[in-house]
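*Asks:* Have a look at this one.
The values are calculated or read from the model by the stated rules, or taken from the named source; none is laboratory data. Remember, predicted model here, so these are calculated numbers, not experimental data. A quick note on method: Cβ atoms are made from the backbone with ideal geometry, for glycine too, and the neighbour counts reach across all protein chains shown. Just so you know, the surface numbers come from the protein's heavy atoms only, side chains and all, with ligands and any DNA or RNA stripped out. Shrake-Rupley method; radii C 1.70, N 1.55, O 1.52, S 1.80 Å.
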Amino acid sequence: MFIKRALEEKIRAITRQFPALAILGPRQSGKTTLCQKIFPNHRYVNLEELDTRQYAKEDPRGFLKQFESGVILDEIQNIPELLSYIQVQIDQKQDRPGFYIITGSHNILLNQHISQTLAGRISIQTLLPLSIEELKAAQTLPPSLSDLLFEGFYPSVQAKKISPEDWYKSYIQTYVERDVRELRGIVDLNLFQKFIKLCAGRIGQLLNLTSLSNDCGVSVGTVQAWISILEASYIVFLLQPYHKNFSKRLIKSPKLYFYDTGLACHLLGIDSAKSVDLHYLRGSLFESMVIGDFFKKRFNLGKTPNLYFWRDKTGLEVDCLIDLGEKIVPIEIKSAQTVHPDFFASLSRFCNLADNALAQSFVIYGGDEEQKRQTGSVIS
């Protein structure tokens with residue numbers, strides 16, 4: 001079953017303007033499937049195949065000459081030097097919009113190579129796992145919130161209905177054994193896997209490098225490097241605190257979230273949707289899902305995220321701020337199924353402090369009803 005991706009419209013528009021397009025995102029997020037659907041006449045080349053990779057490395061010019069009507073180069077982080085030869089081809093033949101479609105799973109490495117070689121010639125888009133909106137449109141949204149948190153959003157789980165427990169176990173093994181070695185050459189993979197699980201136990205919390213260092217038995221510098229690896233391969237993201245200092249006593253550390261709650265549940269040892277209901281991190285998983293979905297919405301529009309959180313040292317906190325330039329939209333995220341009046345307390349205090357009275361406030365919660373209140377809107 002193919003689930004229509006919201007990014008498709010943006011990609012079709014972009015490829016009429018640029019000779020090259022890069023689609024980045026985690027492994028198994030649907031990049032290859034989407035590219036083959038949009039560009040059925042392009043040749044598909046998987047650069048993880050050893051003989052293909054060897055050909056491209058030994059004779060890059062000859063390798064690129066074989067493609068006459070466009071090419072999809074999958075997992076190009078295996079041969080980033082190929083981008084320099086693509087640049088030459090683009091500059092020589094300037095009338096071929098959407099000719100080169102490249103995909104990759106390593107954000108930091110690819111962005112660095114792309115910015116050095118294809119600046120001005122390529123559009124970079126990000127495809128994360130499925131969004132709530134995409135699941136709704138395909139009528140495949142799981143029956144309950146706990147099912148959704150447990151199953152996560154990867155197409156293999158939602159479209160192919162593979163067991164989440166089996167799929168995420170295989171995903172982590174493949175990710176650790178292949179991608180981690182490629183990114184940093186880590187020797188002790190068991191220790192790194194322990195580190196990922198420790199991060200899952202801190203989902204929705206302020207990033208504390210010293211605490212992770214002590215619990216994992218590695219240096220703070222190593223923790224920083226390993227967090228960068230998880231960010232580069234789209235396992236985690238860091239939500240930054242809002243930069244404007246209203247109270248002059250602002251928390252400056254980012255908060256740690258996972259792009260996919262199904263993966264986080266697996267790392268936490270949660271083995272069923274029913275177990276999600278009873279887990280002490282259910283609220284944090286819900287918060288991670290909602291904020292991750294905001295990230296997907298922005299990326300699917302071809303835009304960079306505009307999300308922050310806000311917390312000062314007095315304990316005042318707003319889970320998510322959407323910065324729209326002319327105004328800030330504050331959002332509280334609660335997994336409870338019943339709306340309580342105190343859900344709006346932090347929102348009201350923040351709006352007063354920030355002189356943000358014109359911005360509408362929202363509470364996103366785990367219940368079924370939507371409400372309009374004087375203090376803000378309640379979203380199911």
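*Asks:* Give me the Kirkwood hydrodynamic radius of the stretch 297-342 in Å, from all C-alpha pairs, to one decimal place?
*Replies:* One over the average 1/r among Cα pairs gives 12.6 Å for the stretch 297-342.
*Asks:* Follow-up. What is the calculated FRET efficiency for residue 68 to residue 225, with r their C-beta to C-beta distance and R₀ = 51 Å, to the nearest 0.05?
*Replies:* Plugging the Cβ-Cβ distance into 1/(1 + (r/R0)^6) gives 0.75.
*Asks:* Another question about this same structure. Taking P(r) over Cα pairs in 20 Å bins from 0, in percent straight from the coordinates, which label in [x] 30, 58, 11, 0; [y] 24, 38, 29, 10, 0; [z] 26, 55, 18, 0 is the correct one?
*Replies:* Of the listed options [x] 30, 58, 11, 0; [y] 24, 38, 29, 10, 0; [z] 26, 55, 18, 0, [z] comes from this structure.
*Asks:* Determine which aspartates and glutamates satisfy two conditions relative to residue 327: a Cα distance under 19 Å, and not lying fewer than 8 residues away in the same chain.
*Replies:* Of all the aspartates and glutamates, those that pass the test against residue 327 - Cα under 19 Å, at least 8 places apart if same chain - are 317, 319, 355.
*Asks:* Using the heavy atoms of the protein chains and a 1.4 angstrom probe, tell me the accessible area per residue for the chain in square angstrom.
*Replies:* That works out to 46 Å² for each residue.
*Asks:* Are there any trypsin sites (Lys or Arg not before Pro) in the stretch 230-294 that are in a DSSP loop and have at most 13 other Cβ atoms within 10 Å? List them by number.
*Replies:* Listed in order of number, the matching sites are 244, 248, 249, 252.
*Asks:* Under a Cβ-only charge scheme (Lys and Arg +1, Asp and Glu -1), can you give me the dipole magnitude of the chain about the Cα centre, in debye to the nearest 20?
*Replies:* 700 debye
*Asks:* Rounded to the nearest 0.05, what FRET efficiency do residue 115 and residue 169 give with R0 = 35 Å and r taken as the Cβ-Cβ distance? Could you check?
*Replies:* That gives a FRET efficiency of 0.45.
*Asks:* Order the peptides 135-141, 86-92 from the highest to the lowest mean number of other Cβ atoms within 10 Å of their residues.
*Replies:* The most tightly packed comes first, giving 86-92, 135-141.
*Asks:* Looking at the stretch 320-380, what % of its DSSP beta bridges pair antiparallel, to the nearest 5?
*Replies:* 50 percent
*Asks:* Could you tell me which residue out of 270, 371, 254 lies farthest along the dipole of the stretch 239-380 toward its positive end? Charges go on the beta carbon: Lys and Arg +1, Asp and Glu -1, centred on the Cα centre.
*Replies:* 254
*Asks:* What FRET efficiency do you get for residue 306 and residue 85 if R0 is 35 Å and r is their Cβ-Cβ distance, rounded to the nearest 0.05?
*Replies:* Here the calculated transfer efficiency is 0.45.
*Asks:* Considering only DSSP beta bridges with both partners in the stretch 264-380, what is the antiparallel share in %, to the nearest 5?
*Replies:* The antiparallel proportion sits near 60 percent.
*Asks:* Past 27 Å, Cα to Cα: identify those pairs from 136/160; 274/313; 10/57, in the order given.
*Replies:* 274/313; 10/57
*Asks:* Would you be so kind as to identify which of 328, 199, 23 lies farthest towards the positive end of the dipole of the chain, taking Lys and Arg as +1 and Asp and Glu as -1 on Cβ and the Cα centre as origin?
*Replies:* Selected residue: 328.
*Asks:* Calculate the dipole size of the stretch 78-234 relative to its Cα centre from +1 charges on Lys and Arg beta carbons and -1 charges on Asp and Glu beta carbons; express the result in debye to the nearest 20.
*Replies:* 80 debye
*Asks:* Based on the mean of other Cβ atoms within 10 Å per residue, sort peptides 149-158, 365-374 so the most packed one is first.
*Replies:* Final packing ranking: 149-158, 365-374.
*Asks:* So, one more: Could you tell me which of rounded, prolate or oblate describes the stretch 294-380, using a ≥ b ≥ c as the square roots of the eigenvalues of the alpha-carbon gyration tensor, with rounded for a/c under 1.5 and, failing that, prolate when a/b is larger than b/c and oblate otherwise?
*Replies:* oblate
*Asks:* Can you give the convex hull volume per residue for the Cα atoms of the stretch 119-266, as a whole number of Å³?
*Replies:* Per-residue hull volume (Cα only) is 182 Å³.
*Asks:* Within the stretch 239-338, report the chymotrypsin sites (Phe, Trp or Tyr not before Pro) that DSSP leaves as loop and that have at most 14 other Cβ atoms within 10 Å.
*Replies:* The qualifying sites are 280.
*Asks:* For a protection proxy built on the mean count of beta-carbon atoms within 10 angstrom, sort 118-131, 33-46 highest first, please.
*Replies:* Order by mean packing, descending: 118-131, 33-46.
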